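A quick write-up on the structure given underneath.
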Amino acid sequence: MGFFNTLAQWLGMKKKNANVIVIGLDNSGKSTILNKLKPEESKRHDIVPTIGFNVEKFMTKALSFTAFDMSGQGRYRNLWEHYYRECHGIIFVLDSSDKIRMSVAKDELNMLLNHADIVSRRLPILFFANKMDLRDALSSVKCSNMLEVEKIRDKPWHICASNAHTGEGLEEGVNWLTDQLKVVINQ
Ligand SMILES: Nc1nc2c(ncn2[C@@H]2O[C@H](COP(=O)(O)OP(=O)(O)OP(=O)(O)O)[C@@H](O)[C@H]2O)c(=O)[nH]1
Ligand SMILES: [Mg+2]
């Protein structure tokens, strides 16, 4: 394996690695999204609420991603900041049907944006307005208005409506993130 990796790297075939942190409130669908993006052989059959965090891997056409799948439960949210420094991009997942907690998600987003390890960096942020299949789900435009995402001027951002069960919207999102990252990653 080592030999083939070295050979692939030497031939310029090995994909560059991007670290992304996947955050958002508990129950928004972070782990379900990552499970859908993972290759068939490493998919989990049942997703349970994340304790602490898990490290997951997935690939796109141009990059290999290492994703820190953080728990969104209140008691674990203080772990998020420990991974900000080493991440190249952020995936922020919203449950678009959870109107009551949209303000909590907004507070978490503002804390992220004002964090010392984030504030001065041009990190791309991909938002998934997830659970678009639910009848009372808000549109991605409405979600971005509620979070005042358009106020983010110093970082590229993009919002996609998604359904983590069918995978709808996920490819569009990760393709956008790949385009943002492939030019800035050197490793
Ligand atoms: N209807 C619907 N349900 C979803 C969708 N995505 C995830 N779910 C469900 O939402 C619940 C929570 O999903 P998780 O992926 O565990 O959420 P999480 O954000 O990782 O939660 P924590 O690990 O606790 O932070 C599960 O029952 C999922 O099946 C979606 O797009 N549509
Ligand atoms: Mg989870």
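In the structure shown, do any of 30/57; 14/57; 57/131; 106/155 have a Cα-Cα gap over 20 Å, and if so which? Beyond 20 Å: 57/131. Neighbour counts of C-beta atoms inside 10 Å place 53, 128 in the sequence 53, 128, starting with the fewest.
Greater than 27 Å separation of Cα atoms is the criterion. Which listed pairs, 36/61; 142/182; 38/151; 61/99, meet it? Too far apart for the 27 Å limit: 142/182; 38/151; 61/99.
In summary, no helical segment of the chain meets the span-like criteria, namely a full DSSP H run, a Cα extent along the axis of 18 angstrom or more and a mean Kyte-Doolittle hydropathy of at least 1.0.
The ranking of 22, 183 from fewest to most other beta carbons within 10 Å of each one's beta carbon is 183, 22. Taking label positions 7 Å along the Cα-Cβ direction at both residue 41 and residue 26, the computed distance is 3.5 nm, reported to one decimal.
Rule-based calculations on the coordinates, nothing more; no lab input. Everything numeric in this text was worked out from a predicted model, so none of it was measured. Using ideal geometry, Cβ is built from the backbone for each residue, glycine included, and neighbour counts are taken over all protein chains shown.
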